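Contents: one structure, followed by commentary.
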Amino acid sequence: MVKLSGQTWLPVVAYDKDKFFYKAVDAQLTFSREESKEVVSLTLDQNGANQTAPKR
């Protein structure tokens, strides 16, 4: 389950390491990592747009 700001919780399914797709909408999430394997950002791909948010 994933909840983005301003949205409700939605189920996602992993299809590769660090890659998920939503079951309810046509969108994908991808985590990006540094060489140290630490997650540094998350990218939402939806409706032809890619939005990347850095890890805080």
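Every number here is computed from the coordinates shown, using simple stated rules; none is lab data. Given the structure is predicted, the values throughout are model-derived calculations rather than measurements. Because the Cβ atoms are built from the backbone with ideal geometry, glycine has one as well, and the counts that use them run over all protein chains shown.
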- Query: Stretched out fully, how many nm does the piece from THR8 to ASN50 gain, at 0.36 nm a residue minus the Cα gap?
  - Reply: 13.1 nm
- What are the ³J(HN,Hα) values, in whole Hz, obtained from phi via the Karplus relation 6.51 cos²θ - 1.76 cosθ + 1.60 with θ = phi - 60°, for each residue of the range 32-49 in sequence order, with x given for Gly and Pro? 10, 10, 7, 4, 6, 6, 6, 5, 10, 6, 10, 10, 9, 10, 8, 6, x, 10
- Counting only residues 5 or more places away or on other chains, whose amide H sits under 5 Å from the amide H of SER41 once H atoms are built in the peptide plane? SER32, LYS55
- Note on the structure: Amide H neighbours of LEU4 at under 5 Å, excluding residues fewer than 5 places away on the same chain, with H built from the backbone geometry, are none
- Note on the structure: In debye to the nearest 20, the charge dipole size for the chain, taken about the Cα centre with +1 at each Lys and Arg Cβ and -1 at each Asp and Glu Cβ, equals 200 debye
- Query: Computed over the Cα atoms of the range 12-54, what is the ratio Rg over Rh, Rh following Kirkwood?
  - Reply: 1.00
